[in-house]
Amino acid sequence: MADPTFLFITIDAADAPAAAAFWSSLLGTGIDAEMDDGRFIFLEGREGLPVICIQRVPEPKRGKTRIHLDLGVEDLDAATARVLELGGSWDGEERTLATFTWRTYADPEGTEFDIALEAG
């Protein structure tokens, strides 16, 4: 068997169009395609950003997400303001490990993700 290739990252959401709007705005990308009457919404990928698929699911999120996205920015305060403006949330803590600093957020449906300060 050949080694698998990476296709895209899928985020489950009860309201796929709203989740796609949040993620496309946060990531500065657009909607590329929809499939199966909007059950799958694909966001455009680019250099440094894989294709993201938002998949409509019937059940709400329960518990902690076992896999999450780690994003990098040059300004954590601006990123935090943008997440909040888009309807996401921040747990209020800033974490540091050696020279690595990050904050943990959630999208409007509670899917956790981190944004880290990129070393300049």
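Remark: relative contact order (the chain) = 23 percent; criterion is Cα-Cα distance under 8 angstrom and separation of 6 or more residues. Inter-label distance, R82 to M35: 2.8 nm, where each label sits 7 Å from its Cα along the C-beta direction. Each helix, a run of at least 4 DSSP H residues, gives -39500 (n - 2.57); summed and divided by the residues of the chain, these come to -5500 deg cm²/dmol at 222 nm.
Share of Cα-Cα pairs in the range 43-120 beyond 21 Å, in percent?
Numbers: 981 of 3003 pairs.
So the portion of pairs separated by more than 21 Å is 33 percent.
Let me know the charge dipole size of the chain about its Cα centre in debye, to the nearest 20, where only the beta-carbon of Lys, Arg (+1) and Asp, Glu (-1) is charged. Before the final figure, lay out the partial values.
Values: 10 positive and 23 negative charges, 63 e Å.
My answer is approximately 300 debye.
Size descriptors for the range 2-49: radius of gyration and Dmax over Cα atoms are 11.7, 37 Å.
Rounded to a whole number, what % of the accessible area of the chain do carbon and sulfur atoms account for, probe 1.4 Å? It would help to have the intermediate numbers written out before the result.
Details: 4110 of 7660 Å².
In the chain, the share of accessible area belonging to carbon and sulfur is 54 percent.
The values are calculated or read from the model by the stated rules, or taken from the named source; none is laboratory data. Model, not experiment: these values are computed from the prediction. Please note: Cβ atoms are built from the backbone with ideal geometry, for glycine as well, and neighbour counts cover all protein chains shown. Calculation scope for accessible area: heavy atoms of the full protein, side chains included, ligands and nucleic acids excluded. Shrake-Rupley method; radii C 1.70, N 1.55, O 1.52, S 1.80 Å.
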